[in-house]
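Take a look at the structure set out below.
The values are calculated or read from the model by the stated rules, or taken from the named source; none is laboratory data. Treat the numbers as computed from the prediction; the structure is a model and nothing was measured. Positions of Cβ are generated from backbone atoms using ideal geometry, with glycine treated the same way; all protein chains shown enter the neighbour counts.
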Amino acid sequence: MKWIGQAYNVYAVFIGMTSYEATGGKFKQSRLTQIYCLVINAICLTLLPKAFWQSAKLMSAADWMPSYMAFTPYIMFSTNYAAIAYILISRCYRDSMLLDLQRITLEVNREMLRTGKKMNSLIRRMFFLKTFTLTYSCLSYILAVLVYQWRAQSWSNLFNGLLVNISLTILVVTTFFYFVSLMHVARGFDFVNQQLEDIVSSQSMDFKKKAHELRSLWALHSNLSNTARRINKHYGPQMLALRFDYFIFSVINCCIGTIYSNSDQESSFEKFFGSLLYWARSVDFFLNDYICNLVTEYQSQPKFFATEGSMSNELSSYLIYESSTRLDLLVCGLYPVNKAKWLEMVASIVVHSIMLFQFHLVMRGGHRNH
């Protein structure tokens, strides 16, 4: 797992998302990486509007695209640029979270190594699934230049396509940092729950040792809660921008993708390639809501086992503290992030996609009548 994080850290530095490099398990930045990221950000923010405009123009002029829906690519790419610009401009807030994440990760790793605990299998599977969807999305965006733009008439169009698709990977790599941050917090809360159960049920541990372990768990639980709140605070506006971008992306792509799939002028391979990218990004975004839901679930997990036997003052105090500490991970104070909210968003995407497709059917019928 460590090498996966390092690989994506290298890619994040390459596309200018962070100036911190992962070296020896720690995040460090140099003057060179700071200058490099600043230059890459300036180039991206300056050249990307023209590249997006050119891509929207080419998509609107495609043979399979109805003329009355030519405005949709411009809306989608404008939203993409706004989200990417905000992510790059707010890089300093994301970088500051890397140092907080480093501290809490080292603390959790140290405690798990000391007690011999292993990572929860569910968290491990989610991490590998997130890695797969992220890898597939990034590779697909880059390969899409060869799949869809191999007929480009000039090197300028090819360069614009490459700039656009590499920039679009910023949207999915950002969610990976958010996911990994909360994953380590969820891993920490799961360790606290396991360790607390071991302490309560242990017959060999004396009273003084139990009190010491409870104080350590109390401190770790407090650090994890504070870290989760800081992650939610710093990533909240970014995730709000990304959620709006994903909503627009899903609605428009669902509609024009249906139109594109019914076209006889394009190959089946290109249609299959585009649909897989759409669903991979959907699963990738769903995992962000799922890990956030998992953090709150592990943090507020009931401790019925602790009340079965005799209870010391230290244990009683800890349980009162934990029961009174609840994580309200609201995005910009607007809405909670969980599986239920994801399903509500999917329902909204389906409804708006159907409305847009109905507009297409009505307009197509009107054109045929003429």
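Residues of region 14-42 that are part of a loop (DSSP other than H, G, I, E, B) and buried (at least 20 other Cβ atoms within 10 Å of the Cβ): Gly16, Met17, Thr18, Ser19. Looking only at region 117-133, residues that are charged (D, E, K, R) and surrounded by fewer than 16 Cβ atoms within 10 Å (Cβ to Cβ) come to 3 in all. If only residues of region 4-39 that are touching a helix residue (DSSP H, G or I) at 6+ places or on another chain (Cβ under 6 Å) and of a type in the set (Gly, Ala, Ser) are counted, the one that is farthest from Thr105 (Cα to Cα) is Gly16.
Residue count for region 43-76 satisfying the condition of being surrounded by fewer than 19 Cβ atoms within 10 Å (Cβ to Cβ), closer than 15 Å to Phe359 by Cβ and of a type in the set (Ser, Thr, Tyr): 2. Pairs are defined by a Cβ separation below 9 Å, a sequence spacing of at least 6 or placement on different chains, a first member in region 232-256 that is closer than 17 Å to Val180 by Cβ, and a second member that is acidic (Asp, Glu); the pairs so defined are Asn232/Asp328; His234/Asp100. Pairs meeting the criteria (first residue in region 82-94 and touching a residue at least 12 places away in the same chain (Cβ under 8 Å), second residue surrounded by fewer than 18 Cβ atoms within 10 Å (Cβ to Cβ) and assigned to a loop (DSSP other than H, G, I, E, B), beta carbons under 6 Å, at least 6 apart or on different chains) are lacking. When Ser317, Ser310, Ser267, Ser324 are checked against the criterion of being out of contact with any Leu (no Cβ under 9 Å at 6 or more places or on another chain), among the hydroxyl-bearing types (Ser, Thr, Tyr) and modelled with pLDDT of 75 or more, a single residue qualifies: Ser324. Restricting the first member to region 289-317 and to residues that are within 22 Å of Arg215 (Cβ to Cβ), and the second to residues that are of a type in the set (Phe, Trp, Tyr) and at pLDDT 80 or above, the beta-carbon pairs closer than 6 Å and six or more apart or on different chains are Tyr298/Phe189; Gln299/Phe189. Among the residues of region 190-204, are any without any contact (Cβ under 8 Å) to a residue 60 or more places away in the chain, surrounded by fewer than 17 Cβ atoms within 10 Å (Cβ to Cβ) and in a helix (DSSP H, G or I)? No, because not a single residue in region 190-204 is without any contact (Cβ under 8 Å) to a residue 60 or more places away in the chain, surrounded by fewer than 17 Cβ atoms within 10 Å (Cβ to Cβ) and in a helix (DSSP H, G or I).
None of Ile4, Ile15 is touching a Ser or Thr at 6+ places or on another chain (Cβ under 8 Å) and more than 20 Å from Leu88 (Cβ to Cβ) except Ile4.
Condition (residue is out of contact with any helix residue (DSSP H, G or I) (no Cβ under 7 Å at 6 or more places or on another chain) and part of a helix (DSSP H, G or I)) applied to region 260-271: is it met by at least one residue? Yes, region 260-271 contains a residue that is out of contact with any helix residue (DSSP H, G or I) (no Cβ under 7 Å at 6 or more places or on another chain) and part of a helix (DSSP H, G or I). Of the helices (runs of 4 or more DSSP H) lying entirely inside region 55-151, those carrying at least 3 residues that are modelled with pLDDT under 85 and of a type outside the set (A, V, I, L, M, F, W, C) are 91-115.
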